[in-house]
Each structure stands twice: as C-alpha cells, then as structure tokens.
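Okay, structure first, notes after.
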Amino acid sequence: MSSKSGPLEGVRVVDATTGIAGPLATMILADFGADVLRVEVGVGGEVASPLPGEVMWHRNKTVVVVGDDPAGLLDDVDLVVTSDDAEARRLGVAVDGPQPGALVHLHLPAWRPPAGEVVDPMLADRMVQARYGVARRQTSFGGGPVECVYPFVSYLQGAWGATVSIAALVERVQRGIGQRVVVDALHGAIVAATTTMFADPKTPLPNTAVGPGGPNPAFGTYECADGEWIFLGALGVKFQDIAFEVLGTTDVTAHPRIAANREEIYAVDLRNQVRARIAEGFRAQSRAHWLDGLGRAGCPVSPVGRRDEWLDHPQVVAMGQRVTIDDPQVGRVVMGGIPVDFSESPCPDVLARRYADHVTWPDRPRPVVSASGDVGEALPGRGPLDGVRVLDLGTVLAGPYAGQLLASLGADVIKVETTKGDEFRTRGHMVNRGQRSVSVDLRDERGHDAFMWLAASSHVVLDNFRPGVSTRLKVDLDSLRTVNPGVIATSITGFGGIGPMGDHPGYDPVVQALSGIMQAQGGDAEPVFCTVSVNDVTSACLAALGTCAALYHHAVGRGGQAVGTSLAAAAVFMQGNELVRYDGRRPAETGGRDYPGPQPTSRYYRCADGWARLHLPSADAAARAGLVAHPGLDTRALAYAIAFSVAGMSVAELADAVTPYGGVVERARDNKEVLVDPNGVEDGHLGVVRWPDGNQTHLPRAYATFGRRGVPPMMTTPGMGEHTREVLLEAGLDEAAVEELARRGIVTQGEPMHTVAGTGYR
C-alpha cells in the first residue's frame, strides 16, 4: 500500500454510475485518496469494459456486485454519485426536495433521447455537442457542424462534477449538512465551451467557414516542405514580428491597412491573403528547420504530434503522467496519471481496480460528520464555498477561468491585476465573471505590501505564471506563509515546471498540437485547431478541483499547501479513453476533413430547416425508415442517398421518420439558439448580462444546481480596478493609506466595465 494519503483521505464514496462522466468523477475522488466503492448490479468481474477508458476510470476503486436490495449500503457514507434517478432511488437516496442528513449526493445525468432509453455514452456526448452548440462553433472549410472525436463535454462534466462534490464536502464539514448537487450535460457543455458560449442579439455569430486552422492566420497550423505540420503560435504583435522575420514574410506587415492597424491581419477580406503568404514561407523549408529557427527566436511554435505517441513523450514521462498497472481483466495497462499535484497531501500511488464479494470499508482517521440543522434549511450565498476568499493573479484564460469557476461555487474571488490591467480582460470577458477587481503594482514594495495584507485574510492565492515568476514576485507559497500559514497556493503552468519542457510557456493550441489532439481530429486530412479551448478550460477546471480538495484538507484540520496542474497534464487527462493502452483494445477514433461523424448512419446531415445529428442502428434501419431504397449500398453511396432523402425534410420530420426504427435525432443548434432557449433561461442554466450602457449579452448563468440553494445571481465582468478601494478597505487598510497608494499610481480605482458585445475569443 502507498504511504501517501491524498487530500480526501477518509472520505467514503459510493459510485453507482454509468457512462463517462460518473466513472471519471469517482476516479478523481479515488485518485485524491477517497475510499471509493463501485457498486454494480448483476455484473461479474469477468465482463469486458464497454469503453477502453473504463480500465482507467475504475482504478483505485473496489468493485462489488450487489443484489436487488442494497439496504444499508449508504450507512456511514459521505458521498454517493449516480447517473440515473432510478438507481438513486433504489439506493435510498432522495431525488426530490432537500437531501436529508449529512449525505452529499452528486448526480451526473447523461443525455438521453425523448423516450428516455440509455444510449452509448460516446453517442450521448455527440448529441450534446449538437444540442448545445459545440459542433456548430468549430471552424471548418464548409461552415457546418463538425463532430469532435473526443467526448470533451462528458470529460468536463465528470471533472467539474468531482469539483462541485468536493466543494459540497467542504461545506458539509463546516455546517454539518448535506445536499443534492446536479451537474448535467448542459453544465458540462457550459464548462467546456464557456470561451465561445455567448451571444449578442445585435451582433451576427462569427463565420466558422474559415478553415480548420481557425480565424487567426498567425495562430494556426501550416504544412512544411517535408509534408510535416507545424503550429505557429504568433498571438500578438511581438510574436508576429518575430515569426514574419524568421519566415521571410515581413511584406505581410507592409500592407497599408495592416501597417496602420495590426488587427487588420484578422480582417475577413485580408486574412486568407495573409494565411497564403505565411503558408508560402513554411513550404520553403522542413519542419525541423522552422522549429529550430522560430524556437531560437522566441516565437511559440510546436510540431503537430501524433496522439499515439503522446504518453511516451519525455515531458509526459517526466511529469509522472504516464503510469502502468496490471488490471485484473485486461492485464498490463498504460494510462495517464493523476493531473493535480499536492505538496502536503500527495495522492496515493495508482492501483488497479479490485473486486470484492462483499461491502467493507477501511478504518478512517476522522469521525463521521454528524447531521445538524433543519434538512429543509436554505443555505446562504450562491454556492458551497460561501465565506472562502480567493486572490486570483491569473491572466489571459486558464487562471481567470479557474477563478470564475470558484466564484460560481460561491467564493469571494478578487481578480488582482496590474495597473495596466489583464490584456485579455476584454476579449476574455466571459472568463472573468463573478469576480471583483483590484488593480495594484506588485513590483512596487508598497503595492506588494498591500497585496500581502489581502493575502493574510484569504484562503487561496491562484496564479498561472510561468515557473519562477511567483517566487520573483514574492507571492509563492513560502512568501505567503509569512502572513498566512494556512494559505493554499494554486498554480497552473504550461508543462509542470519539471522535465525537458518544464519552463516553457504554455498555450492551449501549442499543447493541442504537441499532444496529438489536432492530428486525431483531422485524421488523414489537415490537422484541426479545436475551437473549444480544451487545455485552457481543462487546466482551469483541474485548478479549481485541486483547490477544492485542498480546502477540504484544510477544513478537516490538516493545513494549507501548494496545488499544481498544467496544460500538458490536461492534454493527457482529456484523452483518457483514447490514450489508454492494453492488448486487444479497439483503436481510438480519428476524424477527417470537416468530420461529420463516423459512418453514414451516424453523422450530421443538412435538412430543409437546419442541420441534424442523425443516428440509426444500421443501414437496414435507414431503409425501413424510407431514407434509402435498400441497405446494400457502399459507404459513399449510402451517405449520398441519406443526404438526398433528408434534404427535403425538416429536422422534426426526420426524427419522426427514424424514431420507430431505433433512430435518434438532435438538432445542431448555434449559440443564439442555445442561449435564448426559454427552457435554459427558466431553469437557471442561462441568463443575460446587461451592461451599463443598456446593451446585453446572453451567457451561462449556473454552472451546477445545488439542492439547498436557488438560482444564483448572474455573474458579471468587473472593470479594471473597479473594486480596488472597496476591497482594500475591507481588508483593514485605512482610507488615508489607500488614497496615498492611488495618488502615487501604485493602485488604480477603475469604473464598471462597459459593453463588450460581440467581442470574444477564437
């Protein structure tokens, strides 16, 4: 047994889940040291896993087959996780009204068709991509929906579900009260697609027919002279100038419009011309030549790697993100590691699932939390982290989004900005919500003193600096402990601070390219730059997850610590099902050009009134539904025949035609259709931000549903330094001291943020 305990040591969890999100969430809890008992009904240990990833998702768990009467199973349990309300009721868990006692119930329902039957979990994720706008937002040649070969929404539904459940356990320690928490498929889509999930009624949605490399020609993929692909990460003027100099394409910036305004590089009528010129430059030399030249010049660049090589990459191995176990069903397994590190409560070693013939729990080092208070009592605040203060030093995307996720759980999050502000605060308005902003110069001794005054009364300090920067700024864990011994310091880096790439800067698409995500989505065609900021949003979620686990560790009296994760770890985590290796596993799916889906009977088709995601069990079912004359067509002919038949149907008519034959259909909606949906607005998932000038933006509202709380208020984006004076006075600085700091320009008091309608990322 490992001597390491993990931050959730002593927590008892019953896993009664199916699909992807539930097993993945409980894997995280087990990875963090919880005792997880997976209960299966009438399933023996000899049955093969339906998805290869389940070999990974059930690691560190004890699997028990239970009968039809599971009475007493939840006695002395802290958390139960379910995917189906019927299973929850069978276990004796309340699904309507407040959760009685001190039990926390995490419910992670998957998408189901109108009839309610359970479908393949990969198909369920694909239908969620269609229903909640993810597929329509992916850039492509044709501008139609593109199917992601990864179940990213389900992965993030699970990771976020684990985060939310740990936050509820923190509140349980403090209040002695449990509750039901729901993270559904729409919540998963919100967490995954927040960077693009917004709409302004007056502004058209962006044109996605810009090619698979995205709309920014200096921030995309290119083919080199040897046929190998490279990702150029020249985001911003500084890196563009370096790249154009190395490539010999400085004539790009000589164009009169671009010379006058560098933003014109992205102009609709110029960007293809710019892209063609950059492509011409790359075609002159091999990939190795450009990697060397651009790298030495300091421009972010990466080879487009292969997915099946990512687990063997020296950086992944150095980070401990490649582990090997011997599974009782399939034998030797190579899989991804635990994506979050804890300095004071390191996670246990990864072990294979084990099977038991009866329910037993190991002794635990702490008493059970006793229920207290009225079971129907409404809890204060907007989430279980009410009363927790976080200082968010994050910039651009991953750091601020981690702060926003913690704010959505009820934490008081202070966005700490320089006196010039976060350069991404306007384009990134959707990931800075729910926070208050303080503008302070940390490089000035008096500004640093003011920050440390805030840190003394905070629970968490969060950053996404490059390795070494927090130490240089004296905001690292050792420095923070001089004023707050119990503080939690959470950091997001590009590559974990160790290994051959440890100190490299991290950018989501650079890691997308390196880890094989782009290659897998493109298949044998061009690599695809995923519009979902997969590594940024995942590392943000993992940072929030690790922070909540550290808060639990602190709440039960074990002190503060450093928490770390990285974009590279996220790129392992978010390919769990696809990367896991063992003899006999079926190959992971790859995509293709404007990938519509894996086969003619399961893909996107254009109907008379929009796009539909169709799934039929077979070609024979397509014939019986009247979509083809006979089922014996080859693949290309079958796709053509179905496309011809459905072109004259509405999406609803197509659904009516195929449902009797086992088919399912989901409309592929765009962001406006999703965000103005009255059902989503009414149930609190979605809402509207009204800016000071009267304009409005439709955005996600609730990131989870808490049984003891109502719908949370709409989170808004603060202006730069909008709350500087307010926060410093709250922390105990006197009025004269704050005014002196402001007079000297060490802090800045700003105004509320005005309209950023139509402004976004990617």
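None of the figures in this text is laboratory data; all of them are computed from the coordinates on show. These numbers were taken from a predicted model, which means no experiment stands behind them. Note: ideal-geometry Cβ built from the backbone for every residue, glycine included; neighbour counts use all protein chains shown.
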_Nonlocal amide H pairs with residue 416, under 5 Å, H built at 1.01 Å_ = 392, 393, 394, 438
*So how far apart, in nm, are the two label points at residue 726 and residue 261 if each is 7 Å from Cα heading toward Cβ?*
3.4
*Estimated inter-spin distance, residue 735 and residue 277, nm [label 7 Å along Cα→Cβ]*: 5.8
*From the Cα gyration tensor of segment 308-353, with a ≥ b ≥ c the square roots of its eigenvalues, which class applies: rounded if a/c is under 1.5, or else prolate if a/b is larger than b/c, or else oblate?*
oblate
*Stretched out fully, how many nm does the piece from residue 609 to residue 444 gain, at 0.36 nm a residue minus the Cα gap?*
53.4 nm
*Residue exposure sequence - 422, 312 - by fewest surrounding Cβ within 10 Å*: 312, 422
*Dipole of the chain, Cα-centred, from +1 at each Lys and Arg C-beta and -1 at each Asp and Glu C-beta, to the nearest 20 debye?*
760
*As a check on your grasp of the helix formula, calculate [θ] at 222 nm for the chain: sum -39500 (n - 2.57) over DSSP H runs of n ≥ 4, divide by the residue count, round to the nearest 500.*
-9000 deg cm²/dmol
_Relative contact order for the chain: what percent, with Cα pairs under 8 Å and sequence separation of 6 or more?_
18
*asked:* So for segment 602-672, averaging the separation of alpha carbon pairs under 8 Å that are six or more residues apart and normalising by length, what relative contact order in percent results?
replied: 43
*Roughly how big is segment 602-672's charge dipole about its Cα centre, with Cβ charges of +1 (Lys, Arg) and -1 (Asp, Glu), in debye to the nearest 20?*
220
*Using a simple spin-label model with points 7 Å from Cα along the Cα→Cβ vector, what separation in nm is obtained for residue 254 and residue 75?*
8.4
*Taking 0.36 nm per residue of separation and subtracting the Cα-Cα distance, what length does fully extending residue 679 through residue 503 add?*
58.7 nm
*Shape of segment 569-628, Cα gyration tensor, a/c cut at 1.5*: oblate
_From phi via Karplus (6.51, -1.76, 1.60), per-residue ³J(HN,Hα) for segment 183-198 in Hz, x at Gly/Pro_ = 10, 9, 5, 5, 4, x, 5, 4, 4, 5, 10, 3, 5, 10, 8, 8
*Between beta-carbons, use under 15 Å as the cut-off and find the net charge around residue 184, counting Lys and Arg +1, Asp and Glu -1.*
-2
*Extended-chain gain in nm, criterion 0.36 nm per residue less alpha-carbon gap, residue 634 and residue 309*: 113.7 nm
*Whole-Hz Karplus ³J(HN,Hα) for segment 474-480, in order, using 6.51 cos²θ - 1.76 cosθ + 1.60 and θ = phi - 60°, x for Gly and Pro?*
6, 10, 6, 4, 4, 5, 5
*residue 469 to residue 378: FRET efficiency via 1/(1 + (r/R0)^6), r the Cβ-Cβ distance, R0 60 Å, to the nearest 0.05?*
0.90
*Among 476, 15, rank each residue by its count of other Cβ atoms within 10 Å, from fewest to most, as a rough exposure measure.*
476, 15
*Under the definition of Cα pairs under 8 Å and six or more residues apart, what whole-number percent is the relative contact order of segment 236-299?*
44
_For residue 61, give me every one of the lysines with a C-alpha distance below 18 angstrom, ignoring sequence neighbours fewer than eight places off in its own chain._
4
*Long-range HN-HN contacts of residue 38 with modeled amide H, under 5 Å*: 15, 62, 63, 64
*Using the count of nearby Cβ atoms within 10 Å as a rough guide to exposure, how do 627, 638, 654 rank from fewest to most?*
638, 654, 627
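Calculated FRET efficiency, residue 581 and residue 360, Cβ-Cβ r, R0 35 Å, to nearest 0.05?
0.65
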*Can you give the alpha-carbon Rg of segment 602-672 over 2.2 N^0.38 Å, where N counts its residues?*
1.02
*Would you please classify the overall shape of segment 231-310 from the alpha carbon gyration tensor, given that a ≥ b ≥ c denote the square roots of the eigenvalues, rounded means a/c under 1.5, and beyond that prolate means a/b larger than b/c while oblate covers the rest?*
prolate
*Under 14 Å Cα-Cα from residue 672, which aspartates and glutamates qualify once same-chain neighbours fewer than 8 residues away are excluded?*
200
*Dipole magnitude (debye, nearest 20) for segment 690-730, charges at Cβ of Lys, Arg, Asp, Glu*: 300
